1. Looking at (1) open to solvent by less than 20 Å² (accessible area, probe 1.4 Å); (2) assigned to a helix (DSSP H, G or I); (3) free of Cβ contacts under 8 Å to residues at least 60 places away in the same chain, which is the one condition that is false for residue 324?
2. Considering only the range 342-376, state which residues are outside any loop (DSSP other than H, G, I, E, B), open to solvent by 10 Å² or more (accessible area, probe 1.4 Å) and away from the ligand (no atom under 16 Å from the Cβ).
3. Here's a check for you: in the range 377-402, which residue that is farther than 15 Å from residue 199 by Cα and of a type in the set (D, E, K, R) is least open to solvent (accessible area, probe 1.4 Å)?
4. On the given criteria, is residue 75 open to solvent by 40 Å² or more (accessible area, probe 1.4 Å) and at negative phi?
5. With respect to residue 306, is the statement that it is of a type in the set (D, E, K, R), over 26 Å from residue 202 (Cβ atoms) and open to solvent by 20 Å² or more (accessible area, probe 1.4 Å) true?
6. Would you pick out the residues in the range 379-416 that are within 26 Å of the chain's Cα centre (by Cα), closer than 21 Å to residue 61 by Cβ and assigned to a helix (DSSP H, G or I)?
7. Here are some conditions: (1) closer than 30 Å to residue 141 by Cβ; (2) at pLDDT 95 or above. Residue 33 meets all but one. Which one does it not meet?
8. Residues of the range 97-153 being within 14 Å of the ligand (Cβ to nearest atom) and in contact with a His (Cβ under 9 Å, 6 or more places away or on another chain), which ones?
Amino acid sequence: MLENENKNTNDEYINNCEKACQHTSYSFSDRCKNLEGNAIREIFKLLAQPDIISFAGGMPAGDTLPKTDIKTIIAELLSSDKAVSLLQYGATEGYLPYLLSGIEYVKRVGINNISLDHILGISGGQQGIDLACKAFLNKGDKVLVENPTYIAVLHILKTYEATAIPVKSSDAGIDLVDLEQKIIEHNPKMLYLVPTFSNPTGRTIDLEKRKALAVLASKYNIIILEDNPYAELRYDGTALPAIKHFDKTGNIVYITSFSKTISPGMRIGLAVADPLIIRKLTIGKQATDVHTSTLSQAVVSEYLNRGLLSPSLEKNIPMYRKKRDVMLSAIEQHFPKCAEFNKPQGGLFIWVTLPESIDVSNKIFTQAISRRVAYVSGDAFHADGSGKNTLRLNFSNATEDNIKKGIAVLGDILKEHTAVISRM
Ligand SMILES: Cc1ncc(COP(=O)(O)O)c(C=O)c1O
């Protein structure tokens, strides 16, 4: 009897709680309550549908992921005397062999003469951006971003209650005149840039501008957060040094990642900066995730030390170049003539601009999804909410056949809408 009574009280309690929960409005922090999911992460849910041709994500092609090499490396590491330490907690700064390979690795973009106190192992490039924002930004601080810019930065800035100030950008990259004006007008803490094969535009900042940017950062004492995950994916032209290469005053925080060249699932990248900055990022990281997976760091370090990255890039780059070219010719063939698009020298994206009156964020997007093709509408990348007439197309992840089919479908839909304006 007592048991039953208890059970009834318990059930009643649970029922009451459930009712209460349905009516509760949680008191989320000011920081989080107005945050919306990142548009691409939301589109990912749609992409779970198997028959969708996706130009939406920024994923490396599945067949570039080095399954066999990673399997071999993990098997060897876990049968060695390092196994226990690789499965244990590690230092927040990073796993020493990984940091040493990182110091070698960043020489590829001209970052030389750094020591262990200039480098931090991070759990992907995104964490580097987050940690830098955590270290530098107070509520209300201003951060300059290219317009358009990497979507997640806009999201991260909101979580730190900072304000993104858009700076003009064109095929030649960020506009230095507008940049300097905005620096003077807004007194920003930071400028965020993806200098090479940018996400979303595929644009690259040239050598002279890189030098000028380093000078501007010193002159106005602002931080440049240089996010460079695509530099290795170059299909044409010659490699460029990082802006960090020209940094004489410690104003540049360099972030890179192995997500696009080895595996995004490993969640692994590097931050390089002045030791005082690295120390602050490290303290921030202690609170975030303690340290990056030691196993991932060990695997990537082995992968680099065994010289596996260059041959893998040599194999993957022609494949990506071909996909880019297939997409470019399909756009040429199927898109309305009023569509403007660039030919990126590398990276994973093509950027398309339509006449101002065409809005690809809404009806056209729904039509595309109903015909099983996905892309990301460009407004998601604009700090000022503009860009509804632009779209980002990823070419790395669909097959060549699907690129042709998907672009033909998009071309059809776009022509239907642009025909209306050409008749007006
Ligand atoms: C410009 C840019 N920065 C950072 C990231 C995040 O990379 P990771 O997977 O290394 O966190 C991406 C991923 O798409 C990106 O495009």
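1. (3)
2. Step one: filter the range 342-376 for residues outside any loop (DSSP other than H, G, I, E, B), giving 346, 349-353, 363-370, 373-374, 376.
The next check asks that each one be open to solvent by 10 Å² or more (accessible area, probe 1.4 Å); those that pass are 351, 353, 363, 365-367, 369-370.
Answer for the range 342-376, where residues must be outside any loop (DSSP other than H, G, I, E, B), open to solvent by 10 Å² or more (accessible area, probe 1.4 Å) and away from the ligand (no atom under 16 Å from the Cβ): 353, 363, 365, 366, 367, 369, 370.
3. Here the residue is 400.
4. In short, yes.
5. Yes; evaluated as a whole, the condition is true for this residue.
6. Within the range 379-416, the first condition is being within 26 Å of the chain's Cα centre (by Cα), and the residues that meet it are 379-400, 402-404, 406-407, 410.
From the residues that got through so far, the ones that are closer than 21 Å to residue 61 by Cβ too are 391-400, 402-404, 406-407, 410.
Listed by number, the residues that qualify are 400, 402, 403, 404, 406, 407, 410.
7. Only one criterion in (1) closer than 30 Å to residue 141 by Cβ; (2) at pLDDT 95 or above is unmet by residue 33, namely (2).
8. The answer is 121, 123, 148, 149.
The values are calculated or read from the model by the stated rules, or taken from the named source; none is laboratory data. The structure displayed is predicted, hence computed values, not measured ones. Cβ atoms come from the backbone with ideal geometry, glycine included; neighbour counts cover every protein chain shown. When the accessible area is computed, the model is the full protein with side chains, heavy atoms only, and any ligands, DNA or RNA have been set aside. Shrake-Rupley method; radii C 1.70, N 1.55, O 1.52, S 1.80 Å.
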